[in-house]
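What follows is a short report on a single structure.
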Amino acid sequence: MIKRILVALDPDSDSKVATQYAVRIAQRTDARITGLAVVDTRNIEASSRGGGIGSMYYAEKLRENLTQETREQARSLISQFEAHVDGTGVRHIEVVEEGVPFERIVEDMKYHDLFVVGCDPHFFYGHPKKRTNTLAGVFHHTVGPTIVVPKKHRDIKKVLIATNGENSASRATRRFVELQPFGDALEIDVLFVHKKNEQIDAEFHLQMTKDYLSSHGFEARVHGMIDGKRAQRILEKAEEIGADLIVAGSTTSKSVTGYNMSKTTKSLTDNEHMAVFVEH
């Protein structure tokens, strides 16, 4: 049951699409939406560091200017969010927080059922094109599922569930079935991409997934494909069946440079045409 939805607000147009998805889900489930803007103090601090004692004064002024600029941008995003949601009949609140974006999102997700975000989030409002690893950090730590939205809104009618027998994929399937963010009148296909020597395992997991979905009122078609390029095959199958949404588990890792997604997770969430429902 979905009663609280968290939407991350970013300067890109993705935030408008994320809000639109959240509104549709909230209208169906009578949920409340939280619009969250985060002032990224860590990146501001890193960008304003000086080279020595003589530059400390200027570094501090730069930090203050960047912080003020970012706060103003955050308030602007909140205003845009309010204008978008007002009149839809959906209950909503707005929050501006300061800190490391993925940490703020993870903390807020402890008290929300679903996180909705654009496919190219940055959260460094002063430099909106700067790449950040916020989404990887969210996937690595969050306690709830995420919907990564495409560049344009699509009504969700056809769903491709990508499974490989691993825990994250099973959790994604189960959470999608439990929450039913897009209702139960869906066409569902299940795909297992496997190696040649995994045929029996693939057939087993496909049948078990089909039976599980059937128990919850979803009838599904199942497909097995032999190929090591998992993300490519998932996206190709999604395009083939005209899927509006992919359901998949996420895999992330932590290194000295921060959090990173696996190639499969990154390829799926980077796609700009279909929404992706992700569970870690």
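Just so it is clear, none of the values below were taken in a lab; they were calculated from the coordinates. Predicted, not measured: the structure shown is a model, and the values here were computed from it. We place every Cβ from the backbone using ideal geometry, glycine too, and count neighbours over all the protein chains shown.
Structure summary
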{"item": "Burial order of peptide ranges 85-91, 260-266 (average beta-carbon count within 10 Å, highest first)", "result": "260-266, 85-91"}
{"item": "Cβ-based exposure ranking for 109, 225, in which fewest neighbours within 10 Å come first", "result": "225, 109"}
{"item": "Linear extension gain, residue 257 paired with residue 95, 0.36 nm per residue minus alpha-carbon span", "result": "55.4 nm"}
{"item": "Percent RCO, i.e. relative contact order, over the chain, from Cα pairs under 8 Å lying at least 6 residues apart", "result": "21 percent"}
{"item": "Net length gained if the chain between residue 195 and residue 267 were fully extended (0.36 nm per residue, minus Cα distance)", "result": "24.0 nm"}
{"item": "Greater than 19 Å apart at Cα, pairs in 16/266; 3/157; 16/152; 229/263; 229/266; 152/229", "result": "16/266; 3/157; 152/229"}
{"item": "Viscosity 1.567 mPa s, 4 °C: Kirkwood-radius Stokes-Einstein D of region 158-279 over Cα pairs, µm²/s", "result": "89 µm²/s"}
{"item": "Ranking of 215, 76 by count of other Cβ atoms within 10 Å, fewest first", "result": "215, 76"}
{"item": "Sequence-distant residues sharing a close amide H with residue 275 (under 5 Å, placed H)", "result": "246"}
{"item": "Once the Cα gyration tensor of the chain is diagonalised, semi-axes √(5λ) in Å", "result": "36, 22, 14"}
{"item": "Cα long-axis angle, helix 56-85 against the chain (0 to 90 degrees, to the nearest 10)", "result": "50 degrees"}
{"item": "Fewest-first sequence of 15, 168, 250 by Cβ atoms within 10 Å of each Cβ", "result": "168, 15, 250"}
{"item": "Virtual spin-label span in nm between residue 239 and residue 184, 7 Å along Cα→Cβ", "result": "3.4 nm"}
{"item": "DSSP-assigned coil residues among GluC sites (Glu not before Pro) in region 218-280, each with at most 15 further Cβ atoms within 10 Å", "result": "219, 272"}
